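Single-structure report; data block below.
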Ligand code: FES
């Protein structure tokens, strides 16, 4: 059974399946999310986790530990591990 989580992004809410990149789920549901490479290189999809848990499958993000501890993540690589509240702004 696939787990599905809710992602709150400012005034919008969308759903994401476990192991699905958050960016893919957002774009499929009509969220205007800046992006380019979808491979963890350009950092255009950078977002900030306010609450909840996320995980990277496969490729590690090109972000420092400090940036990750501050909540920054790459949405093209990260998946949800719980319901999330996130922001596209610092
Ligand atoms: S879209 Fe390029 S790093 Fe995510």
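The values are calculated or read from the model by the stated rules, or taken from the named source; none is laboratory data. It should be emphasised that the depicted structure is a prediction, and the values quoted were computed from it without experimental measurement. As a convention, Cβ positions derive from the backbone with ideal geometry for all residues, glycine included, and neighbour counts pool all protein chains shown.
Quick notes on this one:
- Taken over the range 8-32, the criterion of being within 16 Å of the ligand (Cβ to nearest atom) and either outside any loop (DSSP other than H, G, I, E, B) or under 12 Å from residue 86 (Cα atoms) (or both) is satisfied by 9, 16, 22, 23, 24, 25, 26, 27, 28.
- When the range 70-90 is filtered for residues that are in a loop (DSSP other than H, G, I, E, B) and farther than 18 Å from residue 13 by Cβ, the ones remaining, listed by number, are 70, 71, 76, 77, 90.
- Pairs linking a residue in the range 75-88 that is modelled with pLDDT under 95 to a residue that is surrounded by 22 or more Cβ atoms within 10 Å (Cβ to Cβ) and outside any loop (DSSP other than H, G, I, E, B), with Cβ atoms under 7 Å and 6 or more positions apart or on different chains, are 88/47.
- Residue count for the range 54-84 under the criterion of being at negative phi and over 10 Å from the mean Cα position of the chain (by Cα): the result is 16.
- Within the range 6-42, being over 12 Å from the mean Cα position of the chain (by Cα) and at positive phi holds for 10, 30.
- Conditions (1) loosely packed, with under 15 Cβ neighbours inside 10 Å; (2) touching a strand residue (DSSP E or B) at 6+ places or on another chain (Cβ under 9 Å): number failed by residue 22: (1)
- Checked against the criterion of being outside any strand (DSSP E or B), closer than 11 Å to residue 86 by Cα and touching a residue at least 60 places away in the same chain (Cβ under 8 Å), the range 37-57 has no qualifying residue.
- Selection status of residue 11, more than 14 Å from residue 78 (Cα to Cα), surrounded by 13 or more Cβ atoms within 10 Å (Cβ to Cβ) and out of contact with any helix residue (DSSP H, G or I) (no Cβ under 9 Å at 6 or more places or on another chain): no
- Residue match in the range 43-53 (condition: modelled with pLDDT under 95 and within 22 Å of residue 5 (Cα to Cα)): no
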